[in-house]
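So the structure is just underneath, and the comments pick up after that.
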Amino acid sequence: SFIGEESVAAGEGSILTDNPTWIIDPIDGTTNFVHRFPFVAVSIGFVVNKKIEFGIVYSCIEDKMYTARKGKGAFCNGQRLQVSGQEDITKSLLVTELGSNRDPETIKIILSNMERLLSIPIHG
């Protein structure tokens, strides 16, 4: 099976089943692309039994290939990636994306989540 982000965004329905499924976003960061903001990627994932097996993200402008496979780790251009190991949330950096849906109920949920996140004593 195949699920394409652009077709879903255009209103086509998709249902994730237990079948092996490719999930593809050929322009991940469409809004960035439209506005010539240089953070755009091609994202591909492969799912079996509704569980991700591996994923590939190619950051076009940076020429970086990110790969990850369940149980095998994550890599950037072949070099292993690791989390920082930081356990103190006050020294953490919060990064979020608000999405493009401007439906009033969606905005309400997003802002409520942001309020909860910003009340955590984070570094930045």
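The values are calculated or read from the model by the stated rules, or taken from the named source; none is laboratory data. Computed from a predicted model, the values in this text were never measured in an experiment. Here the Cβ is made from the backbone with ideal geometry for all residues, glycine too, and neighbour counts use every protein chain on show. Please note that ligands, DNA and RNA were not included when accessible areas were found on the heavy atoms of the full protein model with its side chains. Shrake-Rupley method; radii C 1.70, N 1.55, O 1.52, S 1.80 Å.
Give the stretch 73-94 a look and list any residue that's surrounded by 10 or more Cβ atoms within 10 Å (Cβ to Cβ) and at pLDDT 95 or above, or say none. Across the stretch 73-94, the qualifying residues are Gly73, Ala74, Phe75, Cys76, Asn77, Leu81.
Considering Gly55, Gly4, Gly13, Gly45, which residue is farther than 26 Å from Gly71 by Cβ, touching a strand residue (DSSP E or B) at 6+ places or on another chain (Cβ under 7 Å) and of a type in the set (Gly, Ala, Ser)?
Exactly one of Gly55, Gly4, Gly13, Gly45 is farther than 26 Å from Gly71 by Cβ, touching a strand residue (DSSP E or B) at 6+ places or on another chain (Cβ under 7 Å) and of a type in the set (Gly, Ala, Ser), namely Gly4.
Please determine whether any residue of the stretch 27-41 is touching a strand residue (DSSP E or B) at 6+ places or on another chain (Cβ under 8 Å) and more than 28 Å from Asn113 (Cα to Cα).
No; the residues of the stretch 27-41 include none that is touching a strand residue (DSSP E or B) at 6+ places or on another chain (Cβ under 8 Å) and more than 28 Å from Asn113 (Cα to Cα).
Evaluation of Asp103 against the conditions (1) touching a strand residue (DSSP E or B) at 6+ places or on another chain (Cβ under 9 Å); (2) open to solvent by less than 80 Å² (accessible area, probe 1.4 Å); (3) among the charged types (D, E, K, R) shows that the sole unmet condition is (1).
Among the residues of the stretch 57-71, is there at least one that is loosely packed, with under 11 Cβ neighbours inside 10 Å, free of Cβ contacts under 8 Å to residues at least 24 places away in the same chain and aromatic (Phe, Trp, Tyr)? Even if it seems obvious, please write down each step before you answer.
If we filter the stretch 57-71 for residues that are loosely packed, with under 11 Cβ neighbours inside 10 Å, which is where we start, we get 63, 71.
Now restrict to residues that are free of Cβ contacts under 8 Å to residues at least 24 places away in the same chain: 63, 71.
Next, from what is left, pick out any that are aromatic (Phe, Trp, Tyr): none.
No; the residues of the stretch 57-71 include none that is loosely packed, with under 11 Cβ neighbours inside 10 Å, free of Cβ contacts under 8 Å to residues at least 24 places away in the same chain and aromatic (Phe, Trp, Tyr).
All conditions but one from (1) open to solvent by less than 90 Å² (accessible area, probe 1.4 Å); (2) under 20 Å from Glu97 (Cβ atoms) apply to Phe54; the one that does not is (2).
Select the strands (runs of 3 or more DSSP E) contained entirely in the stretch 1-113, then report the ones holding at least 3 residues which are within 17 Å of the chain's Cα centre (by Cα). Break it down stepwise before answering.
On the way: elements: 2-4, 21-28, 41-48, 51-59, 64-69, 73-76, 79-81.
Correct list: 21-28, 41-48, 51-59, 64-69, 73-76.
With respect to Val42, is the statement that it is within 28 Å of Ile15 (Cβ to Cβ) and either touching a Ser or Thr at 6+ places or on another chain (Cβ under 9 Å) or loosely packed, with under 12 Cβ neighbours inside 10 Å (or both) true? Outline the logic, then answer.
On the way: within 28 Å of Ile15 (Cβ to Cβ): yes; either touching a Ser or Thr at 6+ places or on another chain (Cβ under 9 Å) or loosely packed, with under 12 Cβ neighbours inside 10 Å (or both): yes.
Taking the combined requirement at face value, the residue satisfies it.
Checked against (1) open to solvent by less than 70 Å² (accessible area, probe 1.4 Å); (2) more than 30 Å from Leu118 (Cβ to Cβ), Gly13 passes all but a single condition, namely (1). With respect to the conditions (1) in contact with a strand residue (DSSP E or B) (Cβ under 6 Å, 6 or more places away or on another chain); (2) closer than 30 Å to Ser14 by Cα, Leu98 lacks only one, and its number is (1).
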